[in-house]
Every structure is written in structure tokens, then in C-alpha cells.
Amino acid sequence: MPEHDGLMRVFWPLDAPRTDSPGIIVGWRNSGLDVFVVAILEDVDARNVENALKIGTLFRNASHPIERIYQLCGQSSMHVLGLANTPEADVEPLQMHATTGPGLREPQISCARAATIQIIMFERPLPNRMQYISLDPISLALGDQAEKTVHAPGSVDAEEEKEEMRNKERKRALVEKLKLHTVIKHPRSQKELALSRIVNQINCSWELHKLLQQNISLVGTRSRRSLSVSERVVESATSMRDFVVMAILQLITVYIYPTVRRAFIIGLLGHRVAAEALLLVLEWRARPDYAALKDISATAQQVEIRLQQFCYWPMQYVTLRKRKDDWESVTTSHADYIRFYNSLWLVANDVIIGIALGSYIIDNSAWVAESISGVLSTYSIAALQRTISWLMDWPAGLKLNNELAAFLGDLFLWVIDHWSSCIETLRPALPHLIWFIGFSSFAGASMPIAVFSDLVSILTIHIYSFYMASARIFNWQYTILISLFQLFRGKKHNVLRKRIDSCDYDLDQLLLGTILFTLLFFLLPTVVVFYLTFACSRMAIICLKAILDTLLACLNHFPLFALMLRIKDSQRLPGGIRFELRDTQQFASPSDNALPTSYIYLKSVPLTFRAMFQQYFQLGHRIRNHYLSPRVLWCLATGQFVPPIHRKNLYSLQYSMLPARRAGIWDMWNALVKTPPKQKQKPSGWEGRANGNGRRLNGNGRRYMHH
Amino acid sequence: MLTTQPHLRTRRPSPTTVEYTVSTSPDLTLPLRLLLLTNFVLRTIIGLSVLLLLYSKFALSSFSSPIPTYPQPPAFFTTDYVWFLIHKITPSKPGLLAARLASHIPLVVLLPSSLLILYTILLRIHTTESLLVLRGLGIQTSTSSETYLSTATTRFIPTDKIQDILVNEAFRGFEVRYYLVVVVEGEEDVVVVFPRLLPRRQIVESVWRGARACLYEPHGGKDGGKG
């Protein structure tokens, strides 16, 4: 025996009967004194039960192979663990005596080998409601490639990436150091290693219990009486009716169903081919490091996400169908189920909101177009013109250089004039455009938002170019000022050694440099003022687009289904387990020589709301890191170009619901066509059931279970 | 008076299971119970009056509609009963007072301050943190939540994930605190036991000794030094 301390651990289901009638305790024995109670069988003999467990009589009529349960639970067979409410009967030393009763809330257990006892009471999760427990929180995102998208090094974010990697490396070294503190490595006992198996045993326990209770009559020695004549008549009449129904059903399943199914599959496949073609267009890059269409435009991105979802759904559905071919206790696909229905629900929601929005926009397209063009001309043209004229005329009492301000201002004003005339020629087309946006929103409310986001970037392109130009001018002036300042001090920047060296300049060099320095220094405020104006308007546009992107993220990714599940049945979203130590004083039995026993309740912890919105926190963190870092402030201050956050980073949230590599057309065809064998089993299943009915006449029927 | 220094309570129903609870709540005596009861009643009254004030502000605005009148009191567990109560309270003395106050305080001041008050009365008086050690299973830390709205946060660490349990020291403000940490395998951050209370060294040390003795089977040899 590996256990030295005589600790007996008993997992006891809370719904075990609380009667004082004798029974046989059946369950798993994980190791010597580590047992898991599945059921208490009443009115049977212990030896019969042991035999029945060995032969498998108790597992007859199982809907799925029982070996699967054995494999999940990590055991090769179930055992009789002890007796309930028969204190006088003899048991083997490892078996236990349990006392239950209507008055006792917890069972009292004794065992010859045990010195102390832990009784862990658990509530069986109901597999037909998809409840389960798990040690780790359920992952709502498709975990494997979320990591990859985060770390895909955008050339723009290379520095951030490097910094992050460095931090991680430092932390990892610290963790390595922490390991050195551990002096003694404790060997793991069998009880400690059994925990993951026990979680599976808990998840399987409800179905197993049901099966055992169904078959309990097979163990007993009850004899079957033969059917009476009237019962036989009823039996044959029902089987006749069954036969007719079966024949009709067979007709449908053999002839009509496959045709419809095949047509549907071909339709799906045609859709898939079209999607593939469009996706190829959207993802096409002239060169590997160039931006694809989906990286530039929000609309393209949105279309791409939808198409990817349409490509993924059939695969997802096929995997979910496979769930039916296994025990309901198998919990591996529950997260998939939530993801699938979440994305379906979100798309449905999106379309519903989109229809409302679209019909409103189409009905009022003239008014909407009018107000949009009004807003555009007010803010992106008239307001800008006024600001520039104000800047040319000593703004806020600031004495700028008149000539330079007039030059810069006139330059920008000419461009704005030209731009506004361009916009004027486009204005008649605006109602049509709005009508198009309204029409596109029948494909979901996310569509008009994405189109609007693109429209904003196109219609404010002049601000973007002004920002670029003024930033460039400012940056030149800044760098020239820096190097002239070194000259002024009699130093120079050594490029090779990356340091400041002393340098002997000639007199004319010094004189010219100093004059230039003063000149540029006095011109600096004028340039700064223009630069600041455009930088601010650029930031405002970035903020607007960030808001639109957040809206898109909400429409595309909001964990709506998970939230509803959390409210409706939080057991379906396990976030771990917790134990609760119960007070034992009040349950202490009057009998003196009871073993020291602790009663512990095992409960499932529902997923926290924070974990549900984890991805949003990540996104927020990433945006904050990108735009509020000192590096960006430095870029702003020195007039270097502030790179917009890479779309891939921003949208990793939405792609976390999709696999990194979509399944090809051929894979999809295979997956869809491979299912028919299981579907075609149906006719044979029906026959099987008909046979079963026929055989039931003979008395000992062997029925097939179907869901 | 309602709280004390963090002190340790131990529950050990069997030698292989032990729960250490560090709490700021003193032992319940009769005066203390009375005090807690008064506190509870006071909080309820303050909360209800804040709600009444908010309702009166709403009733003064243009969004409100007149309350339907009920000839006889409706059943208790219905929304009608709430309306009935409001209808009763509004013309009474506190109702009139609330209406007068609401008309004087601007919404910008009223809304944040009443939210703050509501949050304050929902704060728990005592902080309770516990460590449950189960041999063969693992250890579980638990921290009571800040408000009455949520339950305690727990974290269960299976034994095969526990690399070590140590007592560490750290600077906190101008003092040095000893604290108990659990080093979890494969995780970057250690788990601090009793993170909010950070009890004194004697407590931490006794919990450390007890937890190690309880968690591992005795054949493992002597305990290592502390980190």
C-alpha cells in the first residue's frame, strides 16, 4: 500500500438515497483508500453485484460503448466499495460501512484500514443539460491561435514587441530562480494524481448512475412472468402499427432525405467556392510584406470575417453532431457548442439590428445624406478653414512670423479649396451612397458601420495628408535645430560611435550655423502651431475610428450566449472548483469510536464575468499600450509619424473565434459527406428496433436505445 | 470596536484537513451582536432614504408618470405593492422632506453622491480570508469580497501544481511584512495567501507549519528551510 497515513477519501454524491434500508455501494476505486461512489443499489446481493459488474450485466442497453466511460474515468472496472446500513455484515478490509438515514444529512463511514476520513460530497452535474465541472476555466476563445496573432510581429510594432519579449524573459528568469528555493521535492501520491480522473468521474456519474439503476432488475433474482393473452394482442397490434409507421419512415429516409441532403450539401459547397474566391481577392498581396485589401479597409475586413465564419460553420456543426455519437458526459466539445451558437446568435442579432437600421436609412436617405454632408463640410472643411485663417492672424496674441504663417496657411487653404470643390462634385452621388449603405445593412448592422468607417477615412484624407506634411516639416526643423545646437556649443554628433564629440569649427561655419539656428528657432513656433492643429484633428479622427471599431468588435464578438448561459444555468460555464469545509460538531454521532471525519462540499465555481470579457480587457490593454505609451508621446512631440495600431492587433479579438487556417473546400466536402454513414445507420437502427420489438414478444427483450 | 486586529481561527475536523481563517471580526458577544444589528438597521434606513431621495428627484422630472392608486393593498410579492408603498410614502412627512431636498439639490451632485453612499453602505465590515488545506487534493485560498453584493473569491490549487509554500518578506510603505506565498508550477505569478489582511508573522508562521504538515504525507522527511 502506498498510503502510510491511513487517509481514506470518499467522494459521495449528494443525491444518494437518505434512507436507512440496506444497499450495496458501487463505484470506482482509484487507489486503495481512494474511492468514488457512483450509486447505492438496493435490494440486491453484494456477490451478485460484483459478478454483474465483472460480466457487464449492469451495463446492458447502454446507449454507447461502456469502454469509453472506462477510458474517461481511467479505470478498467467498477467495484463494490462497501455496504450501506448493514453494520453487522462482514466486508473485506478495504471496503467500507456506511450509515445513512433520513435524519442524517451526511453519511457516516467506517473502514477497517482507515485512520482518518475525508468525505467529499458533490452534486452530480446533469450531462443532458450540458452541465459539467472542470479544474480550469472554460475557454471561450479558440485558444491555440489567439497567441499567434498577438505575436505576429508587425514591422511597426517591432519595438513594443521587443520590449514585451524582454519583460517576459526577465520574468521567466525570476521564476527559474524561484524554483531554486524549493529544497524538498515531494513525490506525488496516487491520490494527488487522481484528481483529473476524478473530475471526469464526477462528470460521468449521472449517466452511469442512471444506467445502473435501469439495469438493477437484471441482477435481482426476480423471475419474469409470461405475458397474458390480452397483453400479447396489444403487443402485436402496436408492433403492426409500428411496422406501418416504420415503412413510411423508411421511404422518407431512403429516398427523400438523401436527395434533400445532397442538394443542401451541394448548395453549401457552391457557397463555399464563391466564398473562397472572394477571400482570395481580399487576402491577395502584391508582395508578402505589402498590405492586403483587408488590412486597409474595414469593410473588406468585415466581409472577410463573415465569409470566414460561413466557411467555419459547417465544420463546426459537423464536429458538434459527432457529440451525439458519444456519451453526453464527454465534455470536450461544450466550449465548441458555446462558440458555435454564440457566433450564430451574434450574426442573427446583427442582421436584425441591421434590418431596422437599414430600413430607417433607406426611408430617410435624403435627410441622412443632407445631414452627413452638412457635418462633413462644417467640420472637415469650414472649421478647418476658419482655424487656418485664425492661425495666420496672430492666434491668441501669439506673435508668429507673418510671412511663414501666410505661406503655410495659404498652401493649406489652396488644398482645402481644391478638396472642397472635389467634394462638391461628389455631393449629388451622396444620397445614392447612403442608399447603398442602407441596403448593405441588411447583411448586418456591422456592415454600414464598417462602410461608414471607411467613408470617414476617405473623406478626411486631406487632414491626413496635412498632418503628414506638417509633421514632416516640423520634424525636419527639429532635427536641424538639434544638430545646429550642437554646432552652437562647439560639439557634433558622432554617428559611428553614437555620442557627442567636441569639434573645432571654422569661424564662418560657426557664424553661418549660429545665424541659421537663431532663424530657425524663431520660426519654430509658427510651424509648431500648424503641426499641433493637424495632429489634434488627426487624433480626433483616430478616436472616432477607434469608437467605430469598438462598436464593430461588440457586434462581432460580444459573448452574448455565454452571458445568457451564465444567468440561466451557471453550471454550464465552469470556472474551476471550490471546496467548503462543513462543521462536523452538529453531525457528530453519539457513537464514540467514530473515526475523525471531515465533511467537504465540492462545488463548481461559475466563470467570472471578468474572464468572459478577458479579450476586451486584452484589447483595451493593447490600445492603451500603443497610443498612451511614452514612445507615442515622444513621436508626437518630435513630429515623427505616429503609426496607427495594426489592424491585425486590433482584430485579433474577432479572429479568436475562428481557426487560424480555414479548412479547404476538399476538407469540407469530406467532412460533410462522411456523415451519411452515421445517418444511414438510421434505417438499420429502425430495423433493429423493429427486431427488438419482435423479440420482446419472447420475453427477455434487448432494446436499442435511441435519442 | 466592530473590528479587531486580524486573528487566526483554526478548524481541524481530522488531521488531514485543516482550515485557517484570518478575520478581523471579534468573537460575537451580546453587546457586539446588538451593535451589529443597530449597524444593519442604520444602513437599511440610510439606503432606503437615499432611494427615496432619488425617486423624488425622478418624480420632479418630466419623465415620471402619475402613480396609479390602489383602493386596497395588493399582494405583497408584486410590483404593484411597491407602487402602493410609494404612493403611501410620498404624501407623508419623510416623503415631503425628500421632495423638498430633491428640488434643492442639482442632479449632478445628487447622482454621484447617492451612488457613493449606496456603495458605502454595501461595504462589508469585516474582512475574512481563509486557507483550506486538504491532503491529497490541494489547497484553496479564499478572500471575502469587498461588498455584500458578491461572494468570496476562491482559488483552488491542486497538490500536483504546488511547487512550494514559503514565507516571504516584502516592503509595504514603511514597514516590512511577512507573507505566505504558494508557488504554482507553470505560472509566472505566485499566489499570496491572505492578500488583503497580510497578518502578523506569528500567524503566518503557524499557518505555514500547519499547512506543510497537513498537506504532505509524513514520510517526506523534515521540512525545508523557509525562503
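Taken together, the values in this text are just the output of simple stated rules run on the coordinates, not laboratory data. All values reported here derive from a predicted model rather than from experimental measurement. For neighbour counting, all protein chains shown are included, and Cβ atoms are generated from backbone atoms with ideal geometry for every residue, glycine included.
Kindly rank B:91-97, A:205-211 from highest to lowest mean number of other beta carbons found within 10 Å of each residue.
Order by mean packing, descending: A:205-211, B:91-97.
How many Cβ atoms of partner chains, on average, are near each residue of A:89-100 if near means within 10 Å of its Cβ?
0
Fewest first, what order do B:Ser62, A:Ser421, A:Ser63, B:Ser25 take by the number of other Cβ atoms within 10 Å?
Ascending Cβ contact count within 10 Å gives the list B:Ser62, A:Ser421, A:Ser63, B:Ser25.
Contact order normalised by length for the stretch B:31-121, with contacts defined as Cα pairs under 8 Å and 6 or more residues apart; what percent is it?
Relative contact order comes out at 42 percent.
What is the local net charge at A:Arg124, summed over the other residues whose Cβ is closer than 13 Å to its Cβ (Lys, Arg +1; Asp, Glu -1)?
Local charge sum for A:Arg124: -1.
Determine Rg/Rh for the stretch A:468-583; Rg is computed over alpha-carbon atoms and Rh is the Kirkwood hydrodynamic estimate from the same atoms.
Details: Rg = 29.6 Å, Rh = 20.3 Å.
Using Cα coordinates only, the ratio equals 1.46.
Which one, A:Phe517, A:Tyr616, A:Met78, projects farthest toward the positive side of the charge dipole computed for chain A from Cβ point charges (K/R +1, D/E -1)?
My answer, from the dipole projection, is A:Met78.
Return A:Ser380, B:Ser103, A:Ser446, A:Ser359 ranked ascending by Cβ neighbour count within 10 Å, so the fewest neighbours appear first.
Lowest count first: B:Ser103, A:Ser359, A:Ser380, A:Ser446.
Take A:Tyr290 and A:Glu50, extend 7 Å from each Cα along the Cα→Cβ direction, and tell me the distance between the two endpoints in nm.
Once both label points are built, they end up 7.9 nm from each other.
Helix B:79-89 versus the longest principal axis of chain B: what angle, 0 to 90°, nearest 10, using Cα atoms?
For B:79-89 against chain B, the angle is about 60 degrees.
Relative to the compact-globule scaling 2.2 N^0.38 Å, provide the ratio for the alpha-carbon radius of gyration of chain B. It would help to have the intermediate numbers written out before the result.
Values: Rg = 25.4 Å, N = 227, 2.2 N^0.38 = 17.3 Å.
The value comes to 1.47.
Could you compute the FRET efficiency for A:Arg386 and A:Asp508, with r as their C-beta to C-beta distance and R0 at 51 Å, rounded to 0.05?
0.65
Quick one: which of A:496-505, A:362-371 comes out on top by average Cβ neighbours within 10 Å, and what's the full order, highest first?
Descending mean neighbour count gives A:362-371, A:496-505.
In whole Hz, what ³J(HN,Hα) sequence does the stretch B:141-150 give by Karplus (6.51, -1.76, 1.60; θ = phi - 60°), x for Gly and Pro?
9, 8, 10, 5, 7, 5, 10, 7, 6, 10
Take the alpha carbon atoms of the stretch B:29-76, find their center, do the same for the stretch A:161-184, and report the distance between the two centers in whole angstrom.
54
Which distance in nm do the two modelled labels at A:Ala263 and B:Ser150 give, with both placed 7 Å along the Cα-to-Cβ direction?
A separation of 5.4 nm, rounded to one decimal place.
Between A:Val495 and A:Ser629, what length comes free when the chain is fully extended (0.36 nm per residue of separation minus the Cα-Cα distance, one decimal in nm)? Before the final figure, lay out the partial values.
Numbers: separation 134, 0.36 × 134 = 48.24 nm, distance 2.74 nm.
Residue separation times 0.36 nm, minus the Cα-Cα distance, leaves 45.5 nm.
Can you give me the relative contact order of chain B as a percent, contacts being Cα pairs under 8 Å and 6 or more apart?
20
Using +1 at the C-beta of Lys and Arg and -1 at the C-beta of Asp and Glu, which of A:Leu178, A:Ile437, A:Gln95 has the Cα lying farthest in the positive direction of the dipole of chain A?
The residue sitting most towards the positive pole is A:Gln95.
Which whole-angstrom value gives the distance between the alpha carbon centres of the stretch A:1-52 and the stretch B:135-150?
Measuring centre to centre over Cα atoms gives 30 Å.
Please report, for the Cα atoms of the stretch A:350-557, the Rg to one decimal and the Dmax as a whole number; what are they, in angstrom?
24.0, 77
Could you put A:Phe522, B:Phe194 in order, starting from the residue whose Cβ has the fewest other Cβ atoms within 10 Å? Kindly include the intermediate steps, with their values, before the conclusion.
Values: A:Phe522 12, B:Phe194 25.
Fewest-to-most ranking of A:Phe522, B:Phe194: A:Phe522, B:Phe194.
How long are the semi-axes of the ellipsoid equivalent to the stretch B:31-121, from square roots of 5 times the Cα gyration tensor eigenvalues, in whole Å, largest first?
Details: eigenvalues 123, 86, 24 Å².
Value: 25, 21, 11 Å, ordered largest first.
Direction-averaged shadow area of the convex hull around the Cα atoms of the stretch A:1-149, nm²? Write down the numbers at each step before the final one.
Details: hull surface 49.0 nm².
Quarter of the Cα hull surface area: 12.2 nm².
Report, in degrees rounded to the nearest 10, the 0 to 90 angle that the Cα long axis of helix A:46-55 makes with the longest principal axis of chain A.
So the helix axis and the longest Cα principal axis differ by about 60 degrees.
So, R0 is 30 Å and r is the distance between the beta-carbons of A:Tyr379 and B:Tyr119; what FRET efficiency does that work out to, to 0.05?
It comes out at approximately 0.15.
What does the net charge come to around B:Ile86 if you take all other residues with beta carbon closer than 14 Å to its beta carbon, with K and R at +1 and D and E at -1?
+1
Tell me, what does the Kirkwood hydrodynamic radius of the protein assembly as shown come to in angstroms if you use every pair of distinct C-alpha atoms?
By the Kirkwood definition, the hydrodynamic radius is 35.5 Å.
Students often get this wrong, so check it: of A:Lys210/B:Lys161; A:Lys171/A:Lys191; A:Lys54/A:Lys603; A:Lys210/A:Lys322, which have C-alpha atoms separated by over 27 Å?
Checking Cα-Cα distances, A:Lys210/B:Lys161; A:Lys171/A:Lys191; A:Lys54/A:Lys603 exceed 27 Å.
Amide H neighbours of B:Asp164 under 5 Å, counting only residues 5+ apart in sequence or on other chains, H built in-plane at 1.01 Å?
B:Val183
Give the relative contact order (percent, whole number) for chain A; include only Cα pairs under 8 Å separated by 6+ residues.
Reported relative contact order: 19 percent.
Helix A:507-557 versus the longest principal axis of chain A: what is the Cα-based angle in degrees, 0 to 90, to the nearest 10?
Value to nearest ten degrees: 30.
Efficiency by 1/(1 + (r/R0)^6): what FRET value for A:Leu516 and B:Asp189, r their Cβ-Cβ distance, R0 = 51 Å, to the nearest 0.05?
So the FRET efficiency works out to roughly 0.40.
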